[in-house]
Amino acid sequence: MKRASLSLLLALAVAAPAAGQSPLIDETPAQHDARMAWFRDARFGMFIHWGVYAVPAGVFKDQTGFAEWYLEESKMPVSEYEKFAGQFNPVKFDAHAWAALAKRAGMKYLVITSKHHDGFAIYPSALTDWSIKSTPFGKSGRDPLAELAAACKDEGVRFCTYHSIMDWHHPDWGLRRAWNDRATGTPDMDRFNDYLTGQVTEVVKNYHPGIMWFDGQWEKPWTEARGKAMYAYLRKLDPQLIINNRVGGGTGDYGTPEQTIPATGFGPGVDWESCMTLNDHWGFNKNDHNWKSVTTIIHNLVDCASKGGNYLLNVGPTAEGVIPAESVERLTKVGDWMRVNGESIYGTSASPFRSTPWGRCTRRGQTLYLHVFARPVGGVLVVPMSNEVRSARFLAEPATTLSAESTADGLRIALPASLPDADDSVIALDVLDGIRPIVVRFPQAADGSLTLKAADADLVGGVQVQNEPPDVGYWTAAEGTVSWPVDISRAGTFTVSLDYALPPGGSPSDYIVTVGDQCIAGTLAPTKGWGDFTRVQAGTLTLPQAGHAVVAVKPAKAVPSGLMNLRSVTLTPRP
């Protein structure tokens with residue numbers, strides 16, 4: 001994983017494959033859906049970062065902020081770093097306790113680092129001695145991956161593995177570090193590719209993971225061609241294997257935003273999974289006590305599920321093989337919530353609503369799960385839909401029936417004075433005749449202006465909302481469109497402005513703005529970079545009468561380098 005301070009940089013490079021596409025021509029959409037079915041149902045998984053970096057526990061001289069990036073950040077000579085292997089003896093490691101904790105938390109799968117960027121294999125690889133074989137634990141004949149795979153099978157948790165492409169230890173990794181005093185000769189990426197392929201083959205054949213979770217693909221020695229070839233090879237080796245999108249080459253089965261949850265998800269039909277730490281590090285750091293609260297964890301899980309994604313939550317065990325007590329405590333409490341409310345998470349799909357100010361919504365067929373984070377002022381929950389209701393009840397209090405009244409603004413559900421759960425009280429709302437959302441239109445301000453923000457946009461064609469404050473990015477396809485339904489109460493002539501960012505050197509960014517039957521076309525000038533936003537006046541248009549309209553922005557043609565990052569569109573009345 002990237003260091004936490006760089007997570008937003010990595011999040012810029014984690015687009016998921018387009019809906020319905022498969023990188024292999026011999027897999028039909030139906031076969032792809034069948035392969036991904038368990039992943040889509042699971043919604044919640046455990047990430048484990050564990051290796052010899054747990055021995056120093058984040059401490060290097062007078063610095064205490066390191067973890068799994070210890071070797072890179074400390075720039076310790078490899079010959080010195082290798083000595084940690086002799087101290088790695090996790091005698092308290094209990095694979096069944098780890099798997100049981102994942103199950104107790106309500107997690108359906110577990111992803112552990114078979115090898116991180118430091119190159120150390122947590123299993124007895126036949127291809128290198130830089131592995132568990134060189135530790136007292138490994139010399140006793142134990143194999144953590146084998147034990148954990150068996151324990152996961154016993155507990156009904158899907159076993160999966162993470163494997164780094166980048167390797168700071170291996171002499172043939174093309175971007176050799178100056179402090180790698182063990183490396184000799186000239187790096188040879190073909191030899192390294194053979195080594196990497198051999199290792200992932202070992203992992204797939206010996207441990208049968210459900211997912212191969214790649215990472216470290218961003219350095220230049222790893223090419224698009226190598227990424228595509230690795231994906232194709234592994235899919236043939238195990239046709240049911242799921243591979244994340246960090247294998248490189250623009251391929252992979254799902255997107256992997258890191259330490260962030262996309263503001264609007266990735267859109268219909270696109271699989272994704274947000275991975276996060278429980279504190280500020282992936283690996284064990286004994287001085288890191290900045291733990292996420294149980295409330296935050298539950299809200300993050302619900303937020304992901306409400307946008308059609310999964311939540312992969314990390315623990316960093318100690319060198320003795322113990323998952324920190326703070327992690328266990330929090331995961332156990334999340335599991336208490338999941339035992340009552342799990343049906344609102346597992347196998348659900350994204351919310352049909354653009355916005356739910358009181359919390360989030362997930363869906364299964366004709367049942368909507370309303371996740372109430374806080375009781376609205378006045379005690380009435382407004383759901384923006386026009387359906388008839390069969391029943392409404394709290395999952396925590398199934399015998400209690402809630403009344404729902406249909407109004408012009410939507411369904412109004414009267415809540416009791418106190419809710420059953422302080423973190424998230426879930427209402428199961430069974431409705432008739434499909435889901436009929438009420439379109440929530442954006443009104444003009446008192447001065448007649450309209451400011452339309454990226455986080456509120458409807459997205460089509462693979463574009464995504466990213467970053468904080470949010471902007472629309474990944475805008476490459478000709479059909480990529482962002483739009484907002486608006487309510488024009490004061491007609492007239494308006495200046496249309498775009499707040500955007502666009503680095504130099506890409507393809508011409510020709511765009512079109514439409515409002516109703518009015519149209520503006522233009523070409524954007526570059527800014528200093530993807531994060532350097534500026535405002536440009538696109539032009540003027542006249543809306544001759546009040547009423548409903550749609551403001552939309554799209555490219556005039558495909559832009560492989562990206563049309564722009566768009567933060568907002570503003571319509572300002574002209575005098």
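Each value in this text was obtained by applying a stated rule to the coordinates, not by laboratory testing. Everything numeric in this text was worked out from a predicted model, so none of it was measured. Here Cβ is always computed from backbone atoms with ideal geometry, including for glycine, and neighbour counts include all displayed protein chains.
Observations
- Estimated dipole of the range 223-336 in Debye, rounded to 20 [Cβ of Lys and Arg +1, of Asp and Glu -1, Cα centre]: 340 debye
- FRET efficiency estimate (nearest 0.05) - Cβ-Cβ, Leu237 to Arg191, R0 22 angstrom: 0.60
- Gained length - Asn287 relative to Thr400, 0.36 nm times residue gap less alpha-carbon distance: 36.1 nm
- Rg(Cα)/(2.2 N^0.38 Å) for the chain, N = residue count: 1.04
- Net charge dipole, the chain: roughly 280 debye, given to the nearest 20, about the Cα centre with Cβ charges of +1 for Lys and Arg and -1 for Asp and Glu.
- Here the range 260-302 and the range 191-233 have alpha carbon centers that stand 25 Å from each other.
- Kirkwood estimate for the range 395-495, i.e. one over the average of 1/r between Cα atoms, Å: 17.9 Å
- Ordering of 95-103, 399-407 by packing is 95-103, 399-407, highest average first (other Cβ atoms within 10 Å, averaged per residue).
- Overall shape: oblate for the range 172-299, with the ratio a/c of the largest to smallest alpha carbon gyration tensor axis at 1.5 or above and b/c at least equal to a/b.
- Residue separation of Thr523 and Glu73 scaled by 0.36 nm, minus their Cα-Cα distance, works out to 157.7 nm of gained length.
- P(r) tail fraction, the range 25-176 - alpha-carbon pairs more than 19 Å apart, %: 60 percent
- By the helix-only formula, in which each DSSP H run with n ≥ 4 contributes -39500 (n - 2.57) and the sum is divided by residues, the chain has a 222 nm mean residue ellipticity of -6000 deg cm²/dmol.
- The charge dipole of the range 442-573, taken about its Cα centre with unit charges on the Cβ atoms of Lys, Arg (+1), Asp and Glu (-1) only, comes to about 220 debye.
- The shape of the range 187-261 can be summarised by an equivalent ellipsoid whose semi-axes, obtained from the alpha carbon gyration tensor, come to 18, 18, 11 Å from longest to shortest.
- Calculated from backbone phi, Karplus (6.51, -1.76, 1.60) coupling profile of the range 69-80 in Hz, x at Gly/Pro: 9, 3, 5, 6, 7, 7, 6, 5, x, 4, 4, 7
- Beta bridge orientation in the chain: antiparallel %, DSSP, nearest 5: 70 percent
- Relative contact order, whole percent, for the range 359-431 stands at 42, derived from Cα pairs under 8 Å and 6 or more residues apart.
- Sorted on the mean count of surrounding Cβ atoms within 10 Å across their residues, most packed first, peptides 434-446, 531-543, 488-500 read 488-500, 531-543, 434-446.
- Net lengthening on full extension, Ser349/Ser489 (0.36 nm per residue, minus Cα-Cα): 46.9 nm
- Along each principal axis, taking the top coordinate minus the bottom one, the Cα set of the range 359-431 gives 28, 26, 21 Å in descending order.
- The packing ranking, built from the mean of other Cβ atoms within 10 Å per residue, places the peptides 466-477, 501-512 in the order 466-477, 501-512, highest first.
- Kirkwood-based Rg to Rh ratio, the range 430-575, C-alpha trace: 0.99
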